[in-house]
Amino acid sequence: MSIRPILTFPHPGLRRPAERVTDFGEAMQKLAQDLLATMRDAPGIGITAPHIGVPLRLVVIEIEPAAPRFCVNPEVEWSSSDLVRREEGSVSMPGVSDEVERPASIRLRYQDMSGTVLNEEASGLLATCLQHEIDQLDGIFWIFRLSRLKRERLVKRFEKLKRLG
């Protein structure tokens, strides 16, 4: 496992939609392990391959310690009309966060690390994390779910933190 450099906002790679994974071989397995190591080092609870400059639809989420979840080619098939607001941030924009409103529950279709297609329902923090990371795979950086005013304030705060850093 290698820790890889994380792209920092506003890198254009964070706004580019990722491509479907078609090869589940050794390179993909290594990428998944590198993503896990990079996420833990950041630290974070979710990361995508685009965060490290690899434009593939691969997500790693680890809400519970030592229980990573790998989702390949994930898609939200259904989302509830009930909404929830939760604090979100990004390993690509460390030090800032804000509340984002998203569906409270989702139904997800994805592949595991061997390519097997799975369906799963998620709610709570897991549903929020999955939607956040799938947005990233679609080229939607999380701050674009905020109002323009909130987004501008957050970007200014982030730029200030980078200057002071």
Treat each spin label as a single point 7 Å out from the Cα along the C-beta direction, and report the S105 to S123 distance in nm. 0.5
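Arrange T48, T22, T38 by Cβ neighbour counts within 10 Å, fewest through most, would you? Before the final figure, lay out each step's value.
On the way: T48 29, T22 10, T38 21.
The most exposed by this proxy come first: T22, T38, T48.
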At most 15 other Cβ within 10 Å, DSSP loop - trypsin sites (Lys or Arg not before Pro), the range 14-47: R20
Where a ≥ b ≥ c are the square roots of the eigenvalues of the C-alpha gyration tensor, would you call the range 1-66 rounded, which needs a/c under 1.5, or, failing that, prolate if a/b is larger than b/c, or oblate? oblate
In whole Hz and in residue order, list the ³J(HN,Hα) couplings for the range 90-103 that follow from phi through the Karplus curve 6.51 cos²θ - 1.76 cosθ + 1.60, θ = phi - 60°; x for Gly and Pro. 8, 5, 8, 8, x, x, 10, 7, 7, 7, 10, 9, 9, x
Nearest 500 deg cm²/dmol is fine: what mean residue ellipticity at 222 nm does the chain get from its DSSP H runs of n ≥ 4 alone, each adding -39,500 (n - 2.57), divided by its residue count? -9500 deg cm²/dmol
Lys/Arg +1, Asp/Glu -1 at C-beta; the range 12-97 dipole; positive extreme among Q33, V21, S90: S90
Run down the aspartates and glutamates and flag those whose C-alpha is under 18 Å from the C-alpha of K162, throwing out any fewer than 8 positions away in its chain. D98, E152
Along the charge dipole of the chain, pointing to its positive end and built from +1/-1 on Cβ of Lys, Arg, Asp and Glu, which listed residue (L118, I6, G46) has its Cα farthest out? I6
Alpha-carbon centroid distance for the pair the range 47-94 / the range 101-165, whole angstrom: 6
For the range 12-164, what relative contact order do you get, as a whole percent, if you take Cα pairs closer than 8 Å and at least 6 residues apart? 24
Please work out whether the chain counts as rounded, prolate or oblate from its C-alpha gyration tensor, where a ≥ b ≥ c are the square roots of the eigenvalues and a/c under 1.5 means rounded, while otherwise a/b larger than b/c means prolate and anything else oblate? oblate
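Where a number appears in this text, it was derived from the coordinates with a stated rule and is not lab data. Small disclaimer: the values here were computed from a predicted structure and weren't measured. Backbone-built Cβ (ideal geometry, glycine too); neighbour counts: all protein chains shown.
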